[in-house]
Amino acid sequence: MRVLVTGGAGFIGSHLCERLVSDGHEVLCVDNFFTGSKQNILPLLGNPRFELIRHDITEPILLEVDQIYHLACPASPVHYQYNPVKTIKTSVMGTINMLGLAKRVRARILLASTSEVYGDPQVHPQPETYWGNVNPIGIRSCYDEGKRVAETLMMDYHRQNGVDIRIVRIFNTFGPRMAEHDGRVVSNFIVQALKGEDITVYGDGSQTRSFCYVSDLVEGLVRTMSCEGFTGPVNLGNPGETTILEFARRIIALTGSQSQIVFRPLPSDDPKQRQPDITLARTTLGWEPIVPLETGLTKTVDYFSGLGAGSGS
Ligand code: NAD
Ligand code: UDP
């Protein structure tokens, strides 16, 4: 099949492109390199089944494809808050453009949505049936509400135009190729620990997250795409929940770092708890994460060490 991956030069997108090429597909990667990089897809660049197109998805694009994995959108709070108007345009206009493309060429389209659609959740763990608790005017809204509108657009194109859709709600995912300075907790803590710098815990560190290794997530994406007669939304994430303070301690222990934990102000609207209910993914896709947190973290530490994060560079 010919498969389009928007945001294919990003963290998750680059792993997905690799997987799809190795499964024998022809892959078109569309990216504007806002947070992605050619470095991420370097191993694929000489491959005849891989094509890279520099393009901003807020503008329409004409392509002939069978499937679309629609991932393009900055995912780290630091990046999506850098230009919030652009972030919401990417989610709304970008998703309209991709849905228009899917409609024209009758391609199946999968949206990479997010656990952020649940906002600061009052139901725990979060099942897909929960409608969420999102501040529509806060600093995270450009991302959260953008993704909520993207989900709405997916469902409306499906109901109104019969577009074949899949919606996945991705929970915190980590692994090699996270951008070193993208501000997310996994990359921040590992880079800080390797450099012997202070580990910056925001708030008192009692907020929780559940971290999924990228290869598990990619498997979930591929299974959702190939599951017949199933639109989702479906949660994809690892139910193993940890407080951020506990996570900081784990990273220090894993890296053998001398770093100290310091506390910094909690950004506004930072969700207090997050854990996916993955019952639907288990029963419908036969999917659940298999990579233990420690194993995933070790691979990620190795990746950042290889970039020179431990050498003070
Ligand atoms: P990322 O920032 O590494 O990748 C996003 C990619 O999209 C980058 O390559 C970027 O250059 C590209 N992009 C951004 N705006 C674009 C535009 N207007 N036109 C074309 N390309 C554009 O982030 P990621 O972690 O790989 O996330 C990928 C997707 O998964 C995003 O949609 C994100 O919302 C979703 N997601 C990720 C996580 C996570 O924990 N990583 C959690 C929930 C949802
Ligand atoms: N966080 C932190 N220190 C950092 C970066 C993040 O304590 O250096 C916290 C952040 O406040 C949040 C959690 O870690 O509670 C996860 O943050 P991240 O930006 O990785 O993802 P998100 O908040 O989008 O889940």
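Here, each number is a calculation from the coordinates, and none is a lab measurement. All of these numbers come straight from a predicted model, not from anything done at the bench. Cβ atoms come from the backbone with ideal geometry, glycine included; neighbour counts cover every protein chain shown.
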What size of dipole, in debye to the nearest 20, comes out for the range 188-313 about its Cα centre when the only charges are +1 on Lys and Arg C-beta atoms and -1 on Asp and Glu C-beta atoms?
140
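Would you mind calculating the relative contact order of the range 165-313 from Cα pairs under 8 angstrom and at least 6 residues apart, reporting the percent as a whole number? Don't jump to the answer; show the numbers that get you there.
Numbers: 247 pairs, mean separation 55.3, N = 149.
It rounds to 37 percent for the range 165-313.
Are any of the pairs Lys38/Lys147; Lys38/Lys195; Lys103/Lys147; Lys38/Lys103; Lys86/Lys147 more than 23 Å apart by Cα-Cα distance, and if so, which?
On the way: Lys38/Lys147 26 Å; Lys38/Lys195 25 Å; Lys103/Lys147 20 Å; Lys38/Lys103 29 Å; Lys86/Lys147 13 Å.
Exceeds cut-off: Lys38/Lys147; Lys38/Lys195; Lys38/Lys103.
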What is the angle, in °, between the Cα long axis of helix 185-195 and the longest principal axis of the Cα atoms in the chain? Nearest 10 is fine, range 0 to 90.
40
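Note down, for the chain, the three equivalent ellipsoid semi-axes (square root of 5 times each alpha carbon gyration tensor eigenvalue), biggest first, whole angstrom. List each step's numbers first, then the result.
Working: eigenvalues 182, 100, 66 Å².
Listed largest to smallest, the semi-axes of the chain are 30, 22, 18 Å.
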For the range 51-142, what class follows from the C-alpha gyration tensor (a ≥ b ≥ c being the square roots of its eigenvalues): rounded when a/c is under 1.5, otherwise prolate if a/b is larger than b/c, else oblate?
oblate
For the range 1-126, the dipole about the Cα centre with charges only on Cβ (Lys and Arg +1, Asp and Glu -1), to the nearest 20 debye, works out at 220
Nearest 10 degrees, 0 to 90: what angle lies between the long axis of helix 11-22 and the longest principal axis of the chain (Cα atoms)?
50
Between Leu266, Leu153, Leu52, find the one with the highest GNM mean-square fluctuation for the chain; connect C-alpha pairs within less than 10 Å.
Leu266
I need the phi-derived Karplus couplings for the range 158-169: 6.51 cos²θ - 1.76 cosθ + 1.60, θ = phi - 60°, integer Hz, Gly and Pro marked x.
5, 5, 7, 10, x, 5, 7, 10, 9, 10, 10, 9
Given the candidates Ser187, Met225, Ser215, the one whose Cα lies deepest towards the positive end of the charge dipole of the range 137-240, counting +1 at each Lys or Arg C-beta and -1 at each Asp or Glu C-beta, is Met225
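How would you classify the range 6-111 from its alpha-carbon gyration tensor, with a ≥ b ≥ c the square roots of the eigenvalues: rounded for a/c under 1.5, else prolate if a/b is greater than b/c, otherwise oblate?
The shape class here is oblate.
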Label zone at Gln258 (point 7 Å along Cα-to-Cβ), backbone N below 11 Å, the range 176-200:
196-197
Normalised by the number of residues in the chain, what is the relative contact order in percent for Cα pairs under 8 Å and 6+ residues apart?
17
Given 219-231, 99-111, the highest-first ranking by average Cβ count within 10 Å works out to 99-111, 219-231
Angle between the Cα long axis of helix 84-105 and the longest principal axis of the chain, 0 to 90 degrees, nearest 10?
30
Work out, step by step, the length gained on full extension between Asn135 and Arg159: first 0.36 nm times the residue separation, then minus their alpha carbon distance; give nm to one decimal.
5.9 nm
Report the antiparallel proportion of the DSSP beta bridges in the chain as a percent, rounded to a multiple of 5.
10
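Could you work out the relative contact order of the range 1-81, using alpha carbon pairs under 8 angstrom and six or more residues apart, expressed as a whole percent? Don't jump to the answer; show the numbers that get you there.
Working: 139 pairs, mean separation 32.6, N = 81.
After rounding, I find 40 percent.
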